[in-house]
Amino acid sequence: MQYFPVYFRLAGRPALLVGGGDAAVRKLRLLRRAGARVTVVALEADGEIARLAADGDVVWQRREFRDDDLVGPALIIVATESAADDRIAEAAREAGVPVNAVDRPELSTFIMPAIVDRDGIVVAISSGGAAPVLARRIRERIEALLPGRVGRLARFAEGFRGAVEAAIPAGPGRRHFWERFFDSPVAAQVLDGDERGARRAMAGLVDAASLPTEGMVYIVGAGPGDPELLTLKAVRLLQQADVIVHDRLIGPEVLDYARRDAERLYVGKARSCHSRSQDEINAVMAEKAREGRIVVRLKGGDPMIFGRGGEEREYLENLGIRVEVVPGITAATGSAAAAGISLTHRDCAQAVTFVTGHARNDGVPDLDWTSLVRMHQTVAVYMGVSSAGAIAGKLIGHGMSPAMPVAVVENATLKTEKVVRGRLDRLAELVRENGIVGPAMIVIGKVAAEPGCNVVPLKQPALRDLPRHEAWVVAG
Ligand code: SAH
C-alpha cells in the first residue's frame, strides 16, 4: 500500500486552492461538498469561481500565490496547470501542509481517490496513481453494486443508534444486532423507500435483540488456497466472525478477507508438531461460543474431508452449541483443476476415491489396497508425500500397472503451484527429484496422463463387467 487511505474532516475548515481553470473548478466543487471554507488564489478565474465569490460562498484573491498563503489552511490544492505548480507544491511540502498538485502525484503529499458518494456513504478507490482510469472503472462497478438508497439506510441506522445502545450493551451482541439488521427485511424496507414502515418494525427488532445473544460455531472450508475459491458464504462469515480459529493450511491471502478486529487463533497442526491438541481446539471453540461469540473454524479445503470437521461438529453439538458447516473446494478437485485433470472420465474413470496417505509407524498407510487397484477409477491421495514410495509399492503389489499415470500437484491454486507427472513405479523419485515438500495431492489413474486417458494399454475387464458404483471415500 503506497498511500494510506484516510477520510479528512474539512467541514468548516480553511482550504486553499491555487489556480482558476477547469481543474481548479472540479476540485472546488469537491472541497465545497466536504464543507470546507475555500480560498481561491488566482489572477484569472472561471465564471463559476467568480460567481461563488460574488455570492460570498468562496473567497477569491485575485493575485499570485504568496508564501504566507501557507499559514492557516488544513490543506492545499495546486491547480495552476503551469510550471508554478512545482514551486508552490514544494513550498507547501516544506511548510508541512498537506498538498495535492492536480495530475502531478510526484509533487503531492496526498492524492485524491475516485469516489462514490451515495448520500454520505463514501467509497474511495485509488490505484496509487498507477492507473487512474482503472480506478474509475472500479468506481463504476461499485456504483452499480450499491443500492440507490444506501445513504438513507446509513442515516436510518444512525437515527436508531441511541435506542440500540440503550437496549444492547456494547460488545459483540451489539455488533451482531447491526449485522442482522442490515440483512433484515427492515433494511430492505428502507432501501425500498418505506421508511415509515421500517421505523415501526425497528422497535420490535431492538426489543428482541435485548435478549442475551447466543454464540455459535461455523465450520468453514476455505478451499485449497486461492482466495477467489472461497465461497461467498465463507467471505460473509469471515466478515462477521468475532473469533477465527485456523490452522496451518490457511494462508494470509485468505485471512485478508477476515474482519480486521476479529480475534485470530492459530492452532497449528503441522504433521509432526501439533501446536494445539484437538481437545484444546475443541475446548477453545466451545468457550468462545459460550461467551456469545460467533466463531469461524476455518479449515483448508473442505472441512469434512480429512479435516476432522465431523468430530468438531459432534463435540460442539453434544455441548448444545449451535454448529453450521460451510463446504469448501477440496484439495482433490482444486489440484485436478490446476493440473487439467478430469477426476472422472466417461472413457476411463467411473469413480474417484479419496484416500489418506498418512502412514502408520511402519511408513505404510493402512488402506484397502485391493479395492484401490480396481480398474476404471481415479485414486486421489491426500497427505501422501512422505509415503509416496510405499503407496506405489503397495498398489503395484496388488496388481496395478507400474506404468499407471500419476500426477503430483503441490500447492495447488497458489502462486507456488507445481504440477509434475510420471508413472506409478517412479512416484517416489518424481516426488524427490522435484523437491515436493509442501501440501501436495497425488492423483493416480489413467486420467492423470496428459493429454487424456488413452495412454496406457491395460489388461482390464470391460466397464460393464464391473459392479456399478459412484464416487466413494475411503478413510485410512
Ligand atoms: N480438508 C482438506 C484436506 C486436509 S488434509 C481438503 O479438503 O482439502 C491435508 C492434505 O490436503 C495435504 O497433505 C495435501 O495432500 C492436501 N492439500 C491441501 N491443500 C493443498 C493444496 N493447495 N495443493 C495440494 N494439496 C493440498
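When the solvent-accessible area of the chain is split by element, carbon and sulfur atoms take up 51 percent of it, the probe being 1.4 Å. Solvent-accessible surface of the chain, averaged per residue with a 1.4 angstrom probe and all protein chains in place: 52 square angstrom.
For R141 and A203, the FRET efficiency from 1/(1 + (r/R0)^6), where r spans their Cβ atoms and R0 equals 41 Å, is about 0.65. The listed peptides 112-124, 365-377, 324-336, ordered by packing as a protection proxy, come out as 324-336, 365-377, 112-124 (highest mean of other Cβ atoms within 10 Å first).
Taking a sphere under 15 Å around the Cβ of E417 and counting the other residues whose Cβ falls inside, with K and R at +1 and D and E at -1, yields a net charge of -1. Ordering of 404-416, 214-226 by packing is 214-226, 404-416, highest average first (other Cβ atoms within 10 Å, averaged per residue).
Can you tell me the length gained on complete extension of the stretch A83 to Q61, counting 0.36 nm per residue apart and subtracting the Cα distance?
Values: separation 22, 0.36 × 22 = 7.92 nm, distance 2.00 nm.
That pair, A83 and Q61, stretches by 5.9 nm at full extension.
In order along the range 21-37, the phi-based Karplus estimate (6.51 cos²θ - 1.76 cosθ + 1.60, θ = phi - 60°) of 3J(HN,Hα) comes to x, 4, 4, 5, 4, 4, 5, 4, 4, 5, 4, 5, 4, 7, x, 6, 8 Hz; Gly and Pro are listed as x. Each label was represented as a point 7 Å from its Cα along the Cα-to-Cβ direction; for L43 and R346 these points are 7.9 nm apart.
Taking label positions 7 Å along the Cα-Cβ direction at both D256 and D119, the computed distance is 3.3 nm, reported to one decimal.
Label-to-label distance, R290 versus A130, with points set 7 angstrom from Cα along the beta-carbon direction: 4.8 nm. Classify the range 144-251 as rounded, prolate or oblate, taking a ≥ b ≥ c as the square roots of the eigenvalues of its Cα gyration tensor: rounded when a/c is under 1.5, otherwise prolate if a/b is larger than b/c and oblate if not. Oblate shape, in that a/c is at least 1.5 and b/c is the bigger or equal ratio.
Using R₀ = 51 Å, calculate the FRET efficiency as 1/(1 + (r/R₀)^6) where r is the Cβ-Cβ separation of A54 and E158; round to 0.05.
0.90
Close amide-amide hydrogen proximity is noted between T353 and T378, V379, A380, each under 5 Å apart and 5 or more residues distant or on a separate chain (H modeled in the peptide plane; Pro and chain starts excluded).
Report, in listed order, any pair from K233/K288; K415/K446; K233/K418 with a Cα-Cα distance greater than 24 Å.
Correct reply: K415/K446; K233/K418.
The values are calculated or read from the model by the stated rules, or taken from the named source; none is laboratory data. Not measured: the values here are computed from a predicted model. Note: ideal-geometry Cβ built from the backbone for every residue, glycine included; neighbour counts use all protein chains shown. SASA here: full protein model, heavy atoms, side chains in, ligands and nucleic acids out. Shrake-Rupley method; radii C 1.70, N 1.55, O 1.52, S 1.80 Å.
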